[in-house]
Amino acid sequence: QGRVVDLQGRFNLNNLGTGNAEAAMAQFQRLIELVADTDTVTARTIAASTRDWVDADINPTRPDGAEDNYYLGLTPAYRAGNTFMISPSELRLIKGVTDEIYTALAPYISALPESTPINVNTAPAPVLATLAPNLPPTTGESLIEARSEEPWTSVDAFLQESALAGPGDTLGADRLSVTTGYFLARGQITVDRAQVQFFAVLERADNGAVRTINHSTNVY
């Protein structure tokens with residue numbers, strides 16, 4: 001059995017290492033607080049430390065970030081990645097992330113090889129609710145109800161939704177999309193009592209050609 005998941009409906013962790021890092025970090029903090037039910041300090045620490053993990057420098061984001069100076073003091077010690085994540089499971093290595101927090105975030109995060117906008121036509125409710133500061137937690141459900149009647153044909157059409165009035169005016173159109181270039185093919189093979197899960201990240205080009213970015217078994 002298997003299925004295909006739209007990865008651009010999720011929050012791309014590698015957006016934290018790009019030019020829109022501040023906006024991405026703020027959204028990721030909101031997402032952590034919403035789905036993992038954490039306090040503000042913990043969420044801010046994870047967001048800042050994830051930014052430090054994927055950016056190229058060795059300077060921790062103040063006041064809550066973490067680079068080698070933190071990770072080398074752990075047992076066992078290791079270094080910060082300082083490059084884009086290949087798998088969102090790398091988040092388990094980040095300062096402040098517990099098994100419970102990772103499990104809560106896993107359905108809403110991805111790790112793509114470039115900065116990507118969020119596809120508002122496939123994003124789940126928590127991702128939609130954290131697109132801008134001060135949006136009510138129920139915004140995601142309201143937007144999903146609206147798109148179930150008619151998907152948005154453009155970002156401009158999405159921005160006209162009444163659920164985004166007020167706080168929604170801080171949304172960056174450049175961080176949104178109604179199309180997708182990255183997907184996750186995931187499946188499970190069962191033979192007798194043996195069972196294997198497989199994952200493949202696929203990129204679809206503008207001409208429709210599809211190529212495999214990476215693949216793995218048992219963990220994405």
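The values are calculated or read from the model by the stated rules, or taken from the named source; none is laboratory data. Keep in mind that this is a model prediction, so the values were computed, not measured. Cβ placement follows ideal geometry from the backbone for every residue including glycine, while neighbour counts extend to all protein chains displayed. Note: accessible area is taken over every heavy atom of the protein model, side chains too, but ligands, DNA and RNA are not part of it. Shrake-Rupley method; radii C 1.70, N 1.55, O 1.52, S 1.80 Å.
Things to note:
- Residue in the range 11-31 that is more than 16 Å from Pro117 (Cβ to Cβ), modelled with pLDDT under 95, buried (at least 16 other Cβ atoms within 10 Å of the Cβ) and not hydrophobic (A, V, I, L, M, F, W, C) present: no
Yes or no, residue by residue, for (1) open to solvent by 40 Å² or more (accessible area, probe 1.4 Å); (2) part of a helix (DSSP H, G or I); (3) without any contact (Cβ under 8 Å) to a residue 12 or more places away in the chain; (4) under 20 Å from Asn218 (Cα atoms):
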residue	(1), (2), (3), (4)
Thr103	yes, yes, yes, yes
Pro107	yes, yes, no, yes
Ser115	yes, no, no, no
Ala123	no, no, no, no
Val127	no, yes, no, no
Ala132	no, no, no, no
Gly140	no, yes, no, no
Thr153	yes, no, no, no
Asp156	yes, yes, no, no
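- Condition check for Thr61: touching a residue at least 40 places away in the same chain (Cβ under 8 Å) and either crowded, with 19+ Cβ neighbours inside 10 Å or within 19 Å of the chain's Cα centre (by Cα) (or both): no
- Remark: Asp99 matches the filter, which requires a residue to be open to solvent by 60 Å² or more (accessible area, probe 1.4 Å), within 20 Å of Gln29 (Cα to Cα) and among the acidic types (Asp, Glu).
- Residues in the range 113-131 that are under 14 Å from Gly17 (Cβ atoms) and either touching a helix residue (DSSP H, G or I) at 6+ places or on another chain (Cβ under 6 Å) or of a type in the set (Lys, Arg) (or both): Ser115, Thr116.
- Cβ pairs under 6 Å, 6+ apart, first in the range 182-200 and among the aromatic types (Phe, Trp, Tyr), second open to solvent by 50 Å² or more (accessible area, probe 1.4 Å): Phe183/Val4; Phe198/Thr217; Phe199/Arg186
- Residue within the range 85-92 that is of a type in the set (Asp, Glu), within 16 Å of Asn12 (Cβ to Cβ) and assigned to a loop (DSSP other than H, G, I, E, B) present: no
- Criterion: assigned to a loop (DSSP other than H, G, I, E, B) and either farther than 19 Å from Ile32 by Cα or among the aromatic types (Phe, Trp, Tyr) (or both) - qualifying residue of Asp64, Asp57: Asp57
- The single condition among (1) open to solvent by less than 50 Å² (accessible area, probe 1.4 Å); (2) over 24 Å from Ala200 (Cα atoms) that Leu91 does not meet is (2).
- Restricting attention to the range 71-88, the residues that are surrounded by 15 or more Cβ atoms within 10 Å (Cβ to Cβ) and under 22 Å from Glu22 (Cβ atoms) total 6.
- Check on Arg175, basic (Lys, Arg) and buried (at least 17 other Cβ atoms within 10 Å of the Cβ): yes
- Looking across the range 25-34, the residues that are more than 15 Å from Leu91 (Cα to Cα) and touching a residue at least 24 places away in the same chain (Cβ under 8 Å) come down to Ala26, Gln27, Arg30, Leu34.
- Verdict on Arg211 being at pLDDT 95 or above, outside any loop (DSSP other than H, G, I, E, B) and farther than 23 Å from Ser89 by Cβ: no
- Residue within the range 46-54 that is touching a helix residue (DSSP H, G or I) at 6+ places or on another chain (Cβ under 8 Å), part of a loop (DSSP other than H, G, I, E, B) and open to solvent by less than 40 Å² (accessible area, probe 1.4 Å) present: no
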